[in-house]
Every structure is written in structure tokens, then in C-alpha cells.
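Where a number appears in this text, it was derived from the coordinates with a stated rule and is not lab data. Because the structure is predicted, anything quoted here is derived from the model rather than measured. Glycine also receives a Cβ, built like all others from the backbone with ideal geometry; neighbour counts cover every protein chain displayed.
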Amino acid sequence: MASSTEAPPRKNRVPRRPGDRIFAGVSTGSGVLILVALAGVAVFLVTEAWPALTAPAEDIPGGQGLVVYIWPLLFGTLISAVLALVIAVPLAVAIALFITYYAPRSIAKALGYIIDLLAAVPSIIFGLWGMNVLAPVTVDPASWLSQHLGWIPFFAGPPSSTGRTMLVAIIVLAVMVLPIITAVVREAFTQTPQLHQEAALAIGATRWEMIRMAALPFGRSSIIGASMLGLGRALGETMAVAMVLSASAGGITFNLISSENPPTIAANIALQFPEATGVGMHTLIASGLVLFAITLVVNMIARAVINRRKDFDGAN
Amino acid sequence: MKRSTLGRAFVLPTTAALAFGLVACGSANEEGAASGPTINGAGASSQEAAQSAWRTGFLESNDGMINYDPVGSSGGREQFTNGGVDFAGSDAYLDDKEVKAAQERCGEGGFVEVPAYVSPVALITNIEGVDSIKLKPETIAKIFNQKITKWNDPEIAASNEGVDLPDTRIVPVNRADGSGTTENFVEYLKEAAPEQWPHEVSDEWPVSGGEAAQGTSGVVQAVKNGNGTIGYADASQAGDLTTVEVGVGDEFVKYSPEAAAAVLDVSERVEGRGENSFAFDLARDTKESGTYPIVLVSYVLACSNYDNADKATMVKDYLNYMISAEGQKAAEEQAGSAPISDDLRSKVQPAVESIGSANSGS
Amino acid sequence: MSTSLTTPERDPDLHTPLGGVSLTAGQLPRGAAPGTLVAAAVAGLLLWLLAGWAVVPCALLAAASYVVIVYTWSRAVEGPRKATDRFVTALVSGAFLLALLPLVSVIVTVVSRGAARFDAEFFTNSMLGVTGEGGGIYHAMMGTLIITGLATLISVPIGMLTAIYLVEYGRGKLAKAITFFVDVMTGIPSIVAGLFAYALFVMMFGPGVRMGLAGAVALSVLMIPTVVRSTEEMLKLVPNELREASYALAVPKWRTILKVVLPTALAGIATGVTLAIARVIGETAPLLVTAGLTDGDNFDPTDGRMTTLSVFSYYEYQSPGLFAEASFDRAWGAALVLMIIVMLLNLVARVISKLFAPKTR
């Protein structure tokens, strides 16, 4: 980023100061420390997962091998997190836009504060809320959906009579990641150069055109970054999903409103770990390893997308 | 800028002082708390409420501190066998491999394993307009195996004469997490209705497609929120939900502490595990009148020998309190468990009395 | 970018001044949009109250009719650009209201259920020797503050310095590797972080170790990637012009970072740190295996079990015993306190960032 300022070929009249060297050293050290910590976690994960990877198929819970065990979990994790993000990102951008550009200044501050606050609500509260408040509310709409839109695979039914469905889990996840994404995106919008905005308005752009031309391109990298942050949380969310979702092993289905749902990896670990023994426990850790890999892929994609737009970074 | 420098000078120290000020004083109810040995336990979360009752009752007349982490039965067994905790709670008795590990950990004298927490598992239902229902074991198995899907099925109607059963879909609710309650319930189905229940016994629910909920609270909540639901849960949490009268022999029995504890008296002790191990294979298919066969029996594990004499005394006294009439009553009042019979108590008492320290004599 | 703006709608007539473009464009009368909104809302209400429709379709219908009416009206009078602007305004506001619904519902639920136990005993007592009703959360409150505080102390410096390294210094293989592995770290399931910390402390202290510090380490593993990610994001938003201006004045790089870059990004970093704290303060599973559960006070993070609010709340809810109502009240109360603590932290973060941030206006 700061490469333009380094300019090594210039006559190096100013020697590198000790302060610089120390500071650079300390920062680099922190980075390396993270690598070491992660290496520790990785070693721990792989050693713990190894017995499951090498165990004969019939020892794995379910008796049909690791792939059969983990595949529904993977499916459940992906479908819940991705759909939650599909709901949350547009809403989060809308909220951030509303707070930054539409709401009156005095109200905007309070609104921003409320949203930040919501990012701080612990997942167990979302779990309690989803189970006690949201799930019962969705029972009637879900049965309406299955009656009238049953031809869409998402709403095939039969509808759950308790409302503890994938749909509710997705909504809960969306609500959970919404404030996180909003907070980061809003921060980016407030950093949009005032000059760009004023220039757009000065040439007669409407508010939306100004947002489209000045704010959104500037914030794009942040929106993607924030979405990935949200996706990370949605993928790894444990307690809320465990409490809300009625999950049974082996249920791969796009059906969002029945009571038979694939569990998510993180929730499954939380549910089964306390009573897991031997290979069962190692299998759970192996599923954690898979979650690890997914996050890795997701983040690599996100990095690639952001890097393509890198010219816009640093407000150049 | 001046203001901000001033601010910098004050904010951090003030925050720090505030934090330390808060830490300095303890809880209002703990002032002058006497110190004593600390013993730590871990294990089944089903015992958590009972353990809380026991340690409260025990510490009223004893010094010291008792901790119990409800990490789950297998976690408790593992931590016990590798020496992480002084005692453990487990919904199942140790298997052969764990017996060896426990003997290794405890060394000479072996380990102590006594049933301390017996809790009836109630079948709870929420069907609009129905406030009493009787079910035979075979019917229960078919319901949970999703072979009977409507409440007005002739098989249900046959044992419920005079009850107006609605044409509602049956929604069986099971535990989503691995649990001793599930294992005990499945074991009951397997033994009481082997033909209708083809699944293996494990702590995970074997049938997919039902409603699954996390923990006892989750099951109760799900049953409450739905219509036509039926689930199994610790009887203490049944609340005002309708509980099923279960067929035993020719009669139907509603759960009660006495009926649940009675099962233990007709069950057989597992042999060859050392004199201080009281593990029971429950007689789920009992035809004995007045017994309620769906029970969860949870064990307490300890060593016969501890290096530290104070600790040994404390563990011994604590276990003694657990199985005493007083302790069992406290658990019944707080956790809704079924007190063990005097007969059983007199059998397991010597095992608890054997706890001591090799160093105490010298 | 300006080409899209100035598409001329007709050929300029050079004979008349101003090229024949009227100076005043058509405009909706003042109050047209709010009026339509009120009308749509009233219509929706009438449908709900009189026709007996359900709430949701009524609200949807009212919102949709408002959007359609305002859009077509504005398009006819003001032209497509203004109409699109109004359409987006309606959409954004609508989305905002929709999103607010569950969020408000969460807060109302927690406050109304949690307020039942807001008495002096709840805040000054621990659970030692309490069964059934009564009892307090002082021990859990302190446990949360200590463990989360320690986790913050560990992860904020490491996370911030790493972000500084990545943005200001890092290039080459090491920076790439760090970026990559920080991303990997965001994918660690919380229970795995807990087990890792437990395994680490067992290696150092032997089996069965339980201490607040181990909990803090577990939380740090979860917290660091969030701190790095958000700090990095914010540092990148600092205009390069600021850095270059500073270098031009011969300010050394480290002073530039400390005095120019960091203060400019501080508000954003503070938000990021608060978010990171919020991410971990409600964790239960990793804390249970590392810090355990106890009824009484323990303020020493290097010795013995320590209860935190989230663990407390979870187990009060999970295994309530016979006095379920009292337990549930405590669980919700603890959850509310947790929310309030995070709110206060948020406030502190804001005050700090305000004090340190450069005055731009």
C-alpha cells in the first residue's frame, strides 16, 4: 500500500531510525505469533481428527463412514449460512445507507448506536428468542407457504407444527449477522470522501445517483469484507442454531419448513460433544476440520474479489 | 486538543481504578466464608440440579468448596479416569475399557460407583382437548418409530376408551443432543417392545424425521409449542403438560418417585466390576405391579483412595450425604428425582465408607 | 462517470437562452409522498380491522401500493431519474423498518423477561448455597469482566499490530501467509478453540486444570481474527494522502502510523474491537471446558474455576431443577446484564475514540 513512499533507489540520506525498526519488528512479531498459534490449533485439530480419518467406516457414528456422516452437516451448514447471508446483506446495506444518507442526523446517531448494540447481543439470547418468540410466529405462515407455494422445493412441507425449522434458523442467523455487517459497512460509508459526494450532488445527481456513483464503489470492498465476516459467524454459529433448529442426521433436503433438517457442523459439535466417546469424538473434530476448510475457501474467494477491486483502496 | 490530552490522562487510570475497586469486594453472601478443601467434579448435566441441591445442603454444615461442571457423562468419565476431577457423575456405568482406566487411576482399592440419582423419564404430550392418555409399550415404540401417525389411530383408541382422540398428526419430539435420557428411553423401547423397535441402543436418537430439540428444556418447549406433540423428558420438567400412563404388564402406571425407584430394587447388579461398583442392568420389561420402567439412573464415581487425606474425607462425607435420606430428599425437593430405597442405601453404604486415604494412617 | 448524468433529452435550441431547457423541472407537490404513505397505511389498517385480513399481508399490501403509486406519479411528473430516487428511498426505508422488527423484538423480549430479577440481591450475591429462588450473579459478572478483559488484553494488541503489519509493512510471502491464516482462524468452531486452550493448559498444568486464564486464551483464539480483519479494513480506508503528507514532513514511519494513521482509523477500530468482544462475550462451550462452573466468587484468573454470565445463563436455562421459574428468571436476568455490560463497553469505546480521534471539523 505504502509502496509509493518507500522509493528505495532514492539517495538514502535519512537512515532507518531505531524506532522504525522496533515498531516494524513488533508488528511482524505479532503476525508471526498468530501463525504460531494457528499452527498449534492446526496440529491439535489434525491429531485429534486423525483417528476418525483412519478409522474403518463402521466405527463412525451412523456406520457408513466419514463422508456419509459429514456430508449432510456440510450441506446444512452451507445452506443455512448462505441463505442467511442472502437475506442479511441487502438489508444491512440498506440499513447502513439509511443511517448514513437518509435518516436525519440526530436520529442517525441513535440508530447507529442501537445497531452496534445489537451486534453485541450474545448468541444464546438469539437462541432463546428464536425458540420462544420467532418459531411459534412462523407456524401459520409456513403452513400457508406449503399450501400455496408447495411446488417450490423450499416450501415442500409438511410444515413443522412447532416452527423449529431451517427457515427459522436462517432468519435467526440473518438477524445475528445483520448488525455485524451493518456496523462495518456503515463505517465505510461514513469514510466515503466528502468531496466525491459533494461533487456528485453538485452536478445534479439525485441522492440515489450520488450513492450509486460515490458511496457504493467506495464501500464495495468493505461490503464484501463485512459479508465474509458475517458469513464466518453464520458458518461457525453454535448455540443459537443448536437451540433453534430441529435437526436429525441424514436429512439432506432443500425443504426449509419441515421438522426434518440437516444439522450444521458447529451446532452438531455442540450437541454431540458432551456425550461423545472415542471415535465419535474424533469424528466431531474431523467435521470441525471440514468447517475450517470451508471457511478457508470462502475467504479465499472473498480475497480474490476484493483484490480485483484493489485500485479503489486507500481512497486513491 | 488540550481537552483530549486531559482526557487521555484520566480515562485509562479511572477505568483501571474502577475495575480494581469492583474486584476488591466479594459477594454479599460470601463474607467471612470459611475456607476448607475444594473438591471438583464433572459429568452428566442431568445431575446438575441435584448436585446443586447436594452441595448446598452439604456445605451448610461443612467447610470447603464443591464444584461440578456439567460437561456431559462421557466428558465426566474421561476426566475422572485421567485424574482431572475428584468425582464424576455419569448417566451410564463405566464400560470395560473405562473400568480398567478407572482402576488404574484410583490404584489400590479401585473405584466406587454408586447410583445416586434416579429420575423418572416422563412421556409428555400436548394434544388439544386430551388431558389423560394411556399407552402400551408397543404403541409407544410405534409412535416414536413413526409407524402410527395419527392420534385417533385404532391402536391408541383401544387403550383409551372414553377419550375423544382428535384426528391430529402425531409429532414425536426427541433430543437432538446425545444424552443419557435418550439412551435410557431407547433401552426401554428396545427391551419392552423389541419387535416394534428395531434400532440399536445408543445415546443418539436413531430415527430421523421427527422433531428434534436440544436438551430437556428444548424438548419441553417444543412439546409445549406444538399441537399433537409427544416427547420424553426428565419428569421434573414436565410441568403442567399431560403425562402418559405407561403400560406395565396389564396395568397402566403414571410416573411417581416411588414407582421409579422400585425398578432399581427389581434390577440385577452387574457382577465382576469390583466390590465397590454398584452398576445395575435395569429391568425395563418388568411386569411387577407399581413400577415405572422408564427411568434414568445416574451414577456417582469416586476413588476408594486419595493421596490427600482432607480430600478423601470430604469426598467420602459428600458421597455419604448424597445417598443419605436427607440428601436424597434434598434432591427430590430441588431436582424432582426419586429417592433411592433404604434397602439399596444399606447395600451401597459400605462402598462409600471404603473411601479413605492411604496416608491417613501414617 | 459524468456521462451517464448529462444525457441530453432533446437537442439544445441555440436560439433561445439556456438552450431551451426549462430551469424548473416538474415536481411533486410538497407532502405528496407523506400523504400517499399515510393513505396507504390507513388503507392497510382498514383492511386489517374491517376486512379481517391478517397483519402481514395488510402491511405488505400497504407498502407495495405506496411504492407503486409514488413511483408512477413521480415518473409522470418528475421523470425517471427522480422516480428511481424515490423508489430507492422507499426501498431503503422499508428494508430498514423490516430489519428493525426482529431486532426490536429481541430487545423487548430480553428486557421484559430479564427485568424480573433486577433487585439488589441479584447484583450483590453469588449462587453459593442457593437453591430454588433467590441468588445472584455477582460472581458471574466479575468472571465475565475478568475473562473477557484478559482476552481483550491479549488479542487487541496482537490483532492491531498484525493489522498494522499487514497494511503498512507487509508484503511478500509472510504477509500473504498471515492474511491467509487469519482468514482460516475465523473458521475455528468455538468449541475447538476451547478444546485447544484446554489441551494447551493441560500440557502446562496437568489434567483437570480449570482457570479463567485458559478461558481467556480460548476466547483470544476466537477474537484475534475479528480484530485483525476489522482493523485491517479500517486502516485501508485511511487516505494515502495523509501518510504521504506526514512522510513529506520527515516524520518517521512508526510515528506516522501512531500519530496519523491510527488516530484517523480509531473510531472504526474501536467499533471493530467492540464487535470482537461482543462476538466472544456470549460464548458458552469453550468457557465451560476451560474455565468451568462454580457457585462462588473467584477473582483469581490463574487459580480454579470461574463462572461467566453466558455459561451461567445457559446452565440455568438448561438444567433448571424443580424451581424452573426462578432459574429461568435468573437466566434471562443474566442475559440482560450481559447485554448491558456490552452496551457500556460500547459506550466506553466511543468515548475513547472520541477523545483520541483528530478533530476534523
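Some observations on this one:
- Shielding of A:166-177 by partner chains, average beta-carbon count, 10 Å: 1
- Rg(Cα) / (2.2 N^0.38 Å) computed for the range C:32-115, rounded to two decimals: 1.34
- By average C-beta atoms within 10 angstrom, highest first, the peptides C:146-157, B:262-273: C:146-157, B:262-273
- Helix-only mean residue ellipticity at 222 nm for the protein assembly as shown, each DSSP H run of n ≥ 4 adding -39500 (n - 2.57), per residue, nearest 500: -19000 deg cm²/dmol
- In order through the range C:149-161: 3J(HN,Hα) via Karplus (6.51 cos²θ - 1.76 cosθ + 1.60), integer Hz, x for Gly, Pro: x, 4, 4, 5, 4, 6, 8, 5, x, 4, x, 5, 4
- Lysine pairs with alpha-carbon atoms under 21 Å apart, chain C, spacing 8 or more or separate chains: 8
- Rounded, prolate or oblate (a/c below 1.5 giving rounded, otherwise prolate when a/b exceeds b/c) for the range C:121-356 by Cα gyration tensor: prolate
- Inter-centroid distance (Cα atoms) of the range C:100-163 relative to the range A:39-102, Å: 28 Å
- Inverting the pair-averaged 1/r between distinct Cα atoms of the range A:64-108 gives 13.1 Å as its Kirkwood hydrodynamic radius.
- Cut-off of 10 Å, at most 16 other beta carbons, DSSP loop: longest stretch of chain C lacking such GluC sites (Glu not before Pro): C:134-361
- Degrees separating the helix C:212-236 axis from the principal Cα axis of chain C, which is the longest one: 20 degrees
- In sequence order, calculated HN-Hα J values of the range C:261-266 (Karplus, 6.51, -1.76, 1.60; Hz; x Gly/Pro): 5, 4, x, 5, 8, 4
- Sites matching GluC sites (Glu not before Pro) across the range B:183-258 that sit in DSSP coil, with at most 14 neighbouring C-beta atoms within 10 Å: B:Glu195, B:Glu200
- Taking other residues whose beta carbon is less than 11 angstrom from the beta carbon of B:Asn227, and scoring Lys, Arg as +1 and Asp, Glu as -1, yields +1.
- Sorting the segments A:53-65, B:322-334 by their mean number of nearby beta carbons within 10 angstrom, highest to lowest, gives B:322-334, A:53-65.
- Chymotrypsin sites (Phe, Trp or Tyr not before Pro) restricted to DSSP loop in the range C:128-222 with at most 16 other C-beta within 10 Å: none
- Charge context of C:Ser246, other residues only, Cβ under 11 angstrom, K/R +1, D/E -1: +2
- If you wrap the tightest convex hull around every Cα atom of the range C:33-184 and split its volume per residue, you get 264 Å³.
- Annotation: Cα Rg of the protein assembly as shown relative to the compact-globule expectation 2.2 N^0.38 Å equals 1.02.
- Sequence-distant residues sharing a close amide H with B:Lys136 (under 5 Å, placed H): B:Gly247
- Inter-label distance for A:Val46 and C:Asp119, nm, one decimal - labels placed 7 Å from Cα along Cα-to-Cβ: 5.7 nm
- Loop-resident sites, the range B:93-195, for trypsin sites (Lys or Arg not before Pro), counting at most 14 other Cβ within 10 Å (DSSP): B:Lys147
- Altogether, the Stokes-Einstein calculation at 20 °C and 1.002 mPa s, with the Kirkwood radius of the range B:227-296 over Cα pairs as Rh, returns a diffusion coefficient of 157 µm²/s.
- Take each peptide in B:113-120, A:193-200, A:205-212, count the other Cβ atoms within 10 Å of every residue, and average; sorted highest first, the result is B:113-120, A:205-212, A:193-200.
- Normalising by residue count, the range B:126-285 has a Cα convex hull of 127 Å³ per residue.
- Proximal charge balance of C:Ala90 [Cβ under 14 Å; K/R count +1, D/E count -1]: +3
- Anisotropy class of chain B from Cα gyration tensor, a/c 1.5 cut: oblate
- From phi via Karplus (6.51, -1.76, 1.60), per-residue ³J(HN,Hα) for the range B:131-137 in Hz, x at Gly/Pro: 10, 7, 8, 10, 9, 7, x
- Average beta carbon contacts from partner chains per residue of C:167-175, 10 Å cutoff: 4
- Spherically averaged projected area of the range A:77-307 from its Cα convex hull (nm²): 14.8 nm²
- The angle separating the long axis of helix B:325-335 from the principal Cα axis of greatest extent in chain B is about 80 degrees.
- Among beta bridges that DSSP assigns inside the protein assembly as shown, antiparallel share in %, nearest 5: 55 percent
- Span from the the range B:177-232 Cα centroid across to the the range A:195-273 one, whole angstrom: 34 Å
- Acute angle (nearest 10 degrees) that the helix A:278-308 long axis makes with the longest principal axis of chain A, alpha-carbon atoms: 30 degrees
- All-pairs alpha carbon distance profile, the range C:264-361, 10 Å steps from 0, percent: 15, 34, 29, 16, 6, 1, 0
- Shielding of B:48-56 by partner chains, average beta-carbon count, 10 Å: 5
- Listed by chain and number, the lysines whose alpha-carbon sits under 16 Å from that of B:Lys134, ignoring those within fewer than 8 places in the same chain, are B:Lys142, B:Lys150, B:Lys254.
- Farthest toward positive dipole pole in the range B:203-264 [+1 Lys/Arg, -1 Asp/Glu at C-beta], among B:Ala233, B:Gly218, B:Trp205: B:Gly218
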